[in-house]
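First comes the structure, then the notes that go with it.
The numbers here are math on the coordinates, done by the rules we state, and not lab data. Predicted model, so just to flag it, every value in this text is computed and none were measured. All Cβ positions, glycine included, derive from the backbone under ideal geometry; neighbour counts span all protein chains shown.
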Amino acid sequence: MRNRCTGHTPGGMLDGVPERIHEVTAFLAEVLAPRAPLTVIVDGGDHGAAASFAARLAEAFPASARAWTVDAVLGLSGPAGGRFDSALNVLEPAADRIFVYLRSGPRGKQLGNGEGERRAQVVIDHHDPQWPVIRHVHPRLADPERWYLTESRAFFGARAAGWDAKFGDDLPAYAMAVETAAPRPGDLALDVGCGTGRALPALAAAVGPQGRVVGLDLTPAMLQAARVAGRGGCADLLIGDARRLPFPDAVAGVVFAAGLVQHLPDPSVGLTELARVTRPGGKLMIFHPSGRAALAARHGRSVRPDEPLNRENLEPLMAKSGWRLTRYDDQDDYFLALAERVI
Ligand SMILES: C[S@@+](CC[C@H](N)C(=O)[O-])C[C@H]1O[C@@H](n2cnc3c(N)ncnc32)[C@H](O)[C@@H]1O
């Protein structure tokens, strides 16, 4: 996939179709075409938008892969009547059958409680049909290195400018999480995946004038929003990837990671890298300003047993990544998992 890592731009048009649609469909066609003959089923989404996305995807396929069928896409609707979501209720994914799930529509109305999305090999955020963004591709279809950076930036870049207006009320929750992580005066505190920097003022107050705070994020537009919000005054803001941090070993006293881990293609790689830069005894705070059930419900689904932040998954994941989980608290209005760096 072309690496256009510039965050959200208004986006050009190509033959009257938004370039972003071309980028996503061209990438999927490139990944899927070698597997032809193949049936690709576009599931989820609202009917018109799903049909239009399917047609664009079909167009992007090379002539040599014509065994791909759009008819299957257009023919499926399930018992719920006119919604594609139910395709996965009647068909199993198979080697020659790929499900592309479009996340869209009013939140809280995902049919099958998120089962369609869970079983799809490709998931696309399609809330804005002009700005589709890949959120998951089964690693057997494509190495995440081929799409993860570009698509994460496209996803968060589009949301950066409105982020604080939408979630700004959460600031006291961030202050509470920082207090619980208890950075020491003089510490280096890292906020990895800092977004607009909502935790940065509390981190800066905790480490004091002798300490240092760095906010690091993959998405340039998020850091720009952090600057606009004045958070560059209390922290250094760096572009970077949580999986390859630009810091030496064992320098940080506290690592703060809000809303990050669930977005990493392989959480154990990210957690191991966070451990590498943390001194023995240093802390990791994984945080979200809403509980996990409430967050899942906002996306119209329930918490799935395979999610990395489930306690029974997180405990061994932490242990193998250099951390010991010391507190796990999943309330309605916040989630936090605190861990200590072990050697
Ligand atoms: C859900 S947002 C949370 C932002 C902020 N921590 C907050 O709580 O408001 C996730 C953030 O993680 C960033 N992100 C995703 N993957 C990342 C990675 N591999 N390295 C660094 N940042 C990443 C995104 O750009 C986005 O700003």
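Summary of computed values
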| read-out | value |
| --- | --- |
| Vicinal HN-Hα couplings computed from phi for the range 136-151 (Karplus, 6.51 cos²θ - 1.76 cosθ + 1.60; Hz; Gly/Pro x) | 7, 9, 3, x, 6, 7, 7, 4, x, 4, 7, 9, 4, 5, 4, 6 |
| Interchain or long-range residues, amide H under 5 Å from GLY282's placed H | ARG341 |
| Loop trypsin sites (Lys or Arg not before Pro), the range 131-178 (other Cβ atoms within 10 Å of the site Cβ: 15 or fewer; DSSP) | ARG140 |
| Amide H contacts under 5 Å for ARG135, placed H, 5+ residues apart | VAL123, ILE124, ASP125 |
| Rounded if a/c under 1.5, otherwise prolate or oblate - the range 225-270, Cα gyration tensor axes | oblate |
| Rounded, prolate or oblate (a/c below 1.5 giving rounded, otherwise prolate when a/b exceeds b/c) for the range 156-232 by Cα gyration tensor | prolate |
| The range 224-264-the range 284-328 distance, computed between alpha-carbon centres (Å) | 20 Å |
| Per-residue HN-Hα couplings for the range 12-24 [Karplus 6.51, -1.76, 1.60; θ = phi - 60°; Hz; x = Gly/Pro] | x, 10, 10, 6, x, 10, x, 4, 4, 5, 4, 4, 5 |
